1. Residues of region 349-361 being within 16 Å of the ligand (Cβ to nearest atom) and not in a loop (DSSP other than H, G, I, E, B), which ones?
2. Are there any pairs with C-beta distances below 9 angstrom linking a residue in region 73-98 that is over 21 Å from residue 152 (Cβ atoms) to a residue that is at pLDDT 95 or above and among the aromatic types (Phe, Trp, Tyr), with the two at least 6 apart or on different chains, and if so which?
3. Cβ-Cβ distance below 7 Å, separation of 6 or more or different chains: which pairs start in region 317-333 with a residue that is under 14 Å from residue 289 (Cα atoms) and modelled with pLDDT under 95 and end on one that is assigned to a loop (DSSP other than H, G, I, E, B) and within 13 Å of the ligand (Cβ to nearest atom)?
4. May I ask you to verify whether residue 247 is of a type in the set (Phe, Trp, Tyr) and over 24 Å from residue 101 (Cα atoms)?
5. Would you confirm whether or not region 430-446 contains a residue that is more than 16 Å from the ligand (Cβ to nearest atom) and closer than 17 Å to residue 72 by Cα?
6. Just checking, which of 270, 276, 229, 266 is crowded, with 16+ Cβ neighbours inside 10 Å and within 30 Å of residue 157 (Cα to Cα)?
7. Residue by residue through region 362-414, note down the ones that are within 13 Å of the ligand (Cβ to nearest atom), farther than 25 Å from residue 54 by Cβ and touching a His at 6+ places or on another chain (Cβ under 9 Å).
8. Confirm whether residue 361 is surrounded by 23 or more Cβ atoms within 10 Å (Cβ to Cβ) and closer than 19 Å to residue 40 by Cα.
Amino acid sequence: MDFSSEGGVHHPDQRHSHSEDLRGGSDKIPARFQNVPEPRHLHHRYFENPFPEYSGMPLRDPSQYLEDALGLLRDIYHYFSGVNLGHTEIDIYTGTAGVAYACHRLSTQNLEEANRQMALRLADRCLDSALRHRNREQGFLTGDPGVLVVSAIFYKSVGNLEKAEDCLQEYVKICVTVDTLKVKDSTGDEMFAGRVGYLAGLLELWKAFPNNKVLSHVDVGKIVEAVVLSGRHYSKKKKLQDTCPLYFYHYGTDYLGAAHGISAILQILLCFPEALLSVRGAENDVRKSVDYVLCQQLTNGNFPATFGETDREDLVHWCHGAPGVIYMLAKAYLFWNDKTYLEACGRCSELIWRKGLLRKGSGICHGISGNGYPFLLMYRLTGNEMYLYRAHCFADFQFLPSVLDKSRTPDNPYSLFEGVSGAVCFLTDLVSPANAAFPFFDIFTDFKSTVDR
Ligand SMILES: [Zn+2]
């Protein structure tokens, strides 16, 4: 997450930056990028968008993005071959589990066998080490639980079913205790380390193990109910029962965005419809709360990072701002089939098109790949090729030498959320945009408790 006014990137892991390896020279940039328009004007946080509006021009061949993703994979592989993984972060957000996730995602594409093996070898090495170096850190994106989810999915895909099942069972054991996690103070509900992060992990596992008996017996209803009760508790405390019956805070701040805020919480609740509908009044409470968040949309299409904030400069990041809140609005549109939410998504995407070419690298949390994902979301929602064009523009722009020269280097330049592993996922999704989804933020899938599909 990035909340700084200097455009800096803050995370507990401040390990040495190796971005020079990535930047290389212009000889590392494919020739076709020479046709990508150069940045015209620099703003404090972003590059002015130099691309023409879509007018039906032919789109790039998506297989080129697979080549780009493989180029990044080679950089990542090369970097990690010189690293002692016992000394690295292991989590999904900045650690090796996130790198393994990107490798796995790329490996499911139609690759030459040598490339596929390279992706699988790196994922295996990262996860083998991450599982051995767990540090009891809780939280889905920032702790051990996320390592278990990625490992279960990876080991199943390579046929190591016993290890996959062990990881899945261990995750399920943790989830059983999640409903009692910090229930009273409402800090335990957000995406990074709170309850809905665990739900996001369960949703991802459900996609990979749709008929798994252990998973089907997780009482997701208890977790969903705990989130609802927690939100009601804090809403009452803030006297917002009539306008926003579910309200949340994280370490004393009423965040609005995807990283720690209400929008991701409401969005993920809607991905568990059976459990949600079984809690009396919960659907109505979620809808009123979604509408309350929607009322915060600024005239330029963005959302403030926190409720009531008026003086901060616009943050156009997945973690804070429209590029993250758009997923809640999109889920609300799918859930209630109300075009009001889709129109709000459209306003978000116009803002991202104008101000989303960030100067913070190519990551998905507060980088250009993360801001390219909403266009893939809009493409899936509307089928409008303009959005695919916009996603291609963002993909092409981020690796221009002049853009790299004028961008900040993330603290964790190879990671999933801050670095190029996130770009690997984005580029991979450009190859099959009909299935594209921001990592662990898939609004097109709902968790179902039955084992039949
Ligand atoms: Zn961020």
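1. Restricting attention to region 349-361, the residues satisfying the condition of being within 16 Å of the ligand (Cβ to nearest atom) are 352, 355-361.
Residues satisfying the conditions are 352, 355, 358.
2. 75/414; 76/414; 79/414; 80/414
3. Final answer for the pair search is none.
4. Values: of a type in the set (Phe, Trp, Tyr): yes; over 24 Å from residue 101 (Cα atoms): yes.
Judged against the criteria, residue 247 is a match.
5. Narrowing region 430-446 to residues more than 16 Å from the ligand (Cβ to nearest atom): 430-437, 442-446.
From the residues that got through so far, the ones that are closer than 17 Å to residue 72 by Cα too are 430-431.
Among the residues of region 430-446, at least one is more than 16 Å from the ligand (Cβ to nearest atom) and closer than 17 Å to residue 72 by Cα, which makes the answer yes.
6. Values: 276 fails: within 30 Å of residue 157 (Cα to Cα); 229 fails: within 30 Å of residue 157 (Cα to Cα); 266 fails: within 30 Å of residue 157 (Cα to Cα).
Within the list 270, 276, 229, 266, the selection yields 270.
7. 365, 366, 410, 411, 412
8. Details: surrounded by 23 or more Cβ atoms within 10 Å (Cβ to Cβ): yes; closer than 19 Å to residue 40 by Cα: yes.
Considered against the rule, which asks whether it is surrounded by 23 or more Cβ atoms within 10 Å (Cβ to Cβ) and closer than 19 Å to residue 40 by Cα, residue 361 comes out as yes.
The values are calculated or read from the model by the stated rules, or taken from the named source; none is laboratory data. On a predicted model such as this, the values are computed, not experimentally measured, just so you know. All Cβ positions, even for glycine, are placed from backbone atoms using ideal geometry, and neighbour counts span all protein chains on display.
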